[in-house]
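Undergrad: Would you mind keeping the following structure in view while I ask a few things?
The values are calculated or read from the model by the stated rules, or taken from the named source; none is laboratory data. No experiment lies behind these values; they were computed from the predicted model shown. For neighbour counting, all protein chains shown are included, and Cβ atoms are generated from backbone atoms with ideal geometry for every residue, glycine included.
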Amino acid sequence: MRYCIDTSCLIAAWEERYPIDHFPKFWALLEAAMTARKICALIAVHDETEKKSKELHDWLGNREGLFVDLNEDMETGVKVILAKHPRPVMEKRQRFAADPFIIAVAKLRRLTVVTEEKPTGGLNRPNIPDLCADGRSYINLLQLIRAENWVIS
């Protein structure tokens with residue numbers, strides 16, 4: 001399986017669940033998956049991390065092979081998503097800015113989205129799982145660890 005990772009996962013891992021000083025193996029496994037191009041992210045995800053954690057932002061910036069460049073097909077995919085669900089970019093908070101792009105990239109590349117966001121069950125304030133309901137699968141961080149059989153000790 002291959003993945004497109006969301007900001008919420010990276011922040012949750014870095015700040016709350018797997019701080020690098022206590023779980024270096026987790027970050028080594030994540031980096032290996034990034035280097036092998038099993039996990040990708042958008043540059044917008046990198047931009048979003050800067051507001052939450054300068055250390056994570058710097059760490060991500062040094063990861064080879066992580067970030068994908070947007071292309072015309074991805075932009076078309078975003079337009080399709082926004083035609084159905086315009087709310088993700090209409091919110092005042094910028095945390096939604098990357099969401100439609102993450103889903104478009106995942107769809108085009110047949111990737112599974114990794115997010116810690118929970119579905120809202122409605123389209124008034126949709127999260128990634130709500131937008132993935134259109135046929136793109138998503139998992140959370142723990143499910144990624146299990147799917148990849150990572151053992152963190």
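Undergrad: Across the range 12-63, what is the total count of residues that are hydroxyl-bearing (Ser, Thr, Tyr) and over 21 Å from Ala97 (Cβ atoms)?
TA: 2
Undergrad: A further question on this structure: Among (1) modelled with pLDDT of 85 or more; (2) within 20 Å of Ala12 (Cβ to Cβ), where does Arg93 come up short?
TA: (1)
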